[in-house]
Amino acid sequence: MNGEANSNPPGSRSGVSRRMLLKGSAAGIVALRAVGLPAALAGTGGRPASNAAGGLPRQSKVIDCHAHLTHHSRRDWEADDRKLIEAADKLGIDQLCCSTLTPRWPASLDGFRECNRWTAEGMKRFPGRVLGYCYVNPGYTGEALEEIRRCVGDRGFMGVKLYNEYTCNEPVVFPVVELAIELGVPILHHAGHSHYFVEEQPRLTDSGHLAELARRYPEAMLICAHISGGGDWEWAIKAARPTPNLMLDTSGSVTDADTVDMAARVVGVDRLVFGCDSSMTAGIGKIRGADLSAPDKEKILGGNLMRLLGRRKA
Amino acid sequence: MNIDVNAYLGHFAFRRLRHNTATSLLALMDAKKIDKAVVSSAAAITYRNAQAGNEEVAEEVRSHRDRLIPFAVVNPFYAGWQDDLKICHEEFGMKGLRLYPKWHNYSLSSPSCREMVDAATERGMIISIPMRVEDNRERSWLLNIPDIPLDEIVELVKAHPKARFLLLNGLGHTGSPLGRKNNGLPSNYAIELSRLSAVLANELGQLITNLGADRLMFGTGMPFNYPDPALVKLEVLDASESDKEKIRGQNAATWLRL
């Protein structure tokens, strides 16, 4: 078991399992882990050269910007992690940017530290394939910042993952954003917008909140998670439009036609990053199905994320 | 041959659809190497009188019957449904139904629905049931239409052993008797793959093991969905080529008597 549960972590309202949040949104939780970021980014590990999901451009690296390693409380976590890599192999995905999330929220201090340790181990188990996001609950202000410094600075993580403990425009989140700017790493923020109150996620962030945060911090590299993750994606795309430092992640189980095309029309291909969030064939299929040029698809599949990762400060 | 058993024509009330005319859908099918598609009216999902949508589809596919196979949307609680069913079958040549019990606000176990299933079965028509139209989280503020619980399908297939049911846009069958081996249910239903996983949990592979490849069919949900995710599933599926051929189109061809 992870180390959470005894006291109420910051951001507490109601404990919600990840399983519940994933309901209707693809498969279970998957996992992984990588080696120091610069080295990991330089290669593609043992990924086979062939690309089973033909029809996609393959000039540059394909990077899934939104993946998860399995929490070790799950009996089959190792096998599930291997399945993720096997799925990536089949689909021609070179690298996966992974976080490990606590099974319940809000995450406790011990809970997210343990998850990040497992992510670091996953990076070593799958060198060059798994890149790590440092997951924190911003409510543990000092400890969260310390954890991010340790993960990005010492363990070579590529970015920060924030979930639903707080809405992203709450002041408690600002120090995390400021540290990410200082380190030059992106923040992938869980998000969704539905036209009803999502009781299980009272502090759910949407792309409008993220746009507000992006305006407050124009140097920040923010990624709005899974525009195909279930909510009104047309709303999500339109709300993100005015802020150039807010990227949209294409992941999620929803395969509605025109999602990627509309995102490209409204915010531009330079602001789209490919992701799966465990919905692997949906993730690849949407990019393949989009009516975009091969160079544009290459940007989405990996070029744009590489550009963000290139801004990392030593 | 690729036969898509889950395609649509026309407008949908809550979102613009591209490729929703016969001409544009056929162009998309050409681009994706899909030979034939079973189509029904997207508009009939929200029309009060669904038959108007069936008439639109019948007109739209008139010149393309070699590739577009029309199904009828019928609401067994709407006046004149028996006449509509007869017209759809005999005049429009529609080989099956698409049922929307949640959208049309009736129960699959209601006497009227049971009567319609029997009437369609007597005519040799397939009864297809989309378990959802869209992900519920993206719903309009105007309505809240739940997915059809698989338990309701279990009861339906048991009650009509001679009927042929085609389940669309579903997942989680392996957690229900519908997807289990030796489940005691009649073999009168097939499952379409557009929402099934083909890697990780690999529900598609599990269903091949549990039910056999004869019980699975290729479908995309286009133009609601990009067709590519469903195509990718078949590409990466760890199954024999003969099983894949069955799923791609042989099973549908048998059911549709093509």
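Summary table below
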| quantity | calculated |
| --- | --- |
| Number of partner chain Cβ atoms within 10 Å, mean per residue of B:233-243 | 3 |
| Around A:Ala225: net Lys/Arg minus Asp/Glu count, Cβ-Cβ under 13 Å | -3 |
| Out-of-range pairs (alpha-carbon distance over 21 Å; input A:Lys299/B:Lys233; B:Lys33/B:Lys246; B:Lys181/B:Lys246) | A:Lys299/B:Lys233 |
| Nearest-0.05 FRET efficiency for B:Asp66 and A:Tyr196, computed from C-beta distance (R0 41 Å) | 0.40 |
| ³J(HN,Hα) computed for each position of the stretch B:252-257 - Karplus, 6.51 cos²θ - 1.76 cosθ + 1.60, integer Hz, glycine/proline x | 5, 4, 5, 4, 8, 6 |
| Dipole axis of the stretch B:1-69 (+1 Lys, Arg; -1 Asp, Glu on Cβ), positive-most option in B:Phe12, B:Thr23, B:His64 | B:Phe12 |
| Rounded D (µm²/s) - the protein assembly as shown, Kirkwood Rh over Cα pairs, Stokes-Einstein at 20 °C, 1.002 mPa s | 88 µm²/s |
| Estimated vicinal HN-Hα couplings, Hz - the stretch B:192-199 in sequence order (Karplus 6.51, -1.76, 1.60; Gly, Pro = x) | 8, 9, 4, 10, 7, 7, 10, 9 |
| Per-selection Rg to Rh, the stretch A:16-309 - Cα, Kirkwood hydrodynamic radius | 0.92 |
| Calculated P(r) tail over 27 Å for the stretch B:3-256, as whole % of Cα pairs | 31 percent |
| Backbone HN-Hα couplings from phi across the stretch A:191-201 [Karplus 6.51/-1.76/1.60, Hz, Gly and Pro as x] | 7, x, 9, 10, 8, 7, 6, 8, 4, 6, 9 |
| Peptide-level mean, for B:188-199, of C-beta atoms on other protein chains within 10 Å | 3 |
| Relative contact order computed over chain B (Cα-Cα under 8 Å; 6+ residues apart), in percent | 18 percent |
| For the stretch B:3-256, share of DSSP beta bridges that run antiparallel, in % to the nearest 5 | 5 percent |
| Orphan Cys of the protein assembly as shown, criterion: no other Cys C-beta under 4.7 Å | A:Cys65, A:Cys97, A:Cys98, A:Cys115, A:Cys168, A:Cys224, A:Cys276, B:Cys88, B:Cys113 |
| Ascending count of other beta-carbon atoms within 10 Å, so fewest first, for A:His189, A:His72, A:His195 | A:His195, A:His72, A:His189 |
| Cross-link table A:Lys61/A:Lys297; A:Lys90/A:Lys286; A:Lys61/B:Lys32; B:Lys36/B:Lys102, entries beyond 18 Å C-alpha to C-alpha | A:Lys61/B:Lys32; B:Lys36/B:Lys102 |
| Partner chain coverage, peptide A:271-284 - average Cβ within 10 angstrom | 4 |
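Every number here is computed from the coordinates shown, using simple stated rules; none is lab data. Bear in mind that the values here come from a model prediction, so they are computed numbers and not experimental data. Note: ideal-geometry Cβ built from the backbone for every residue, glycine included; neighbour counts use all protein chains shown.
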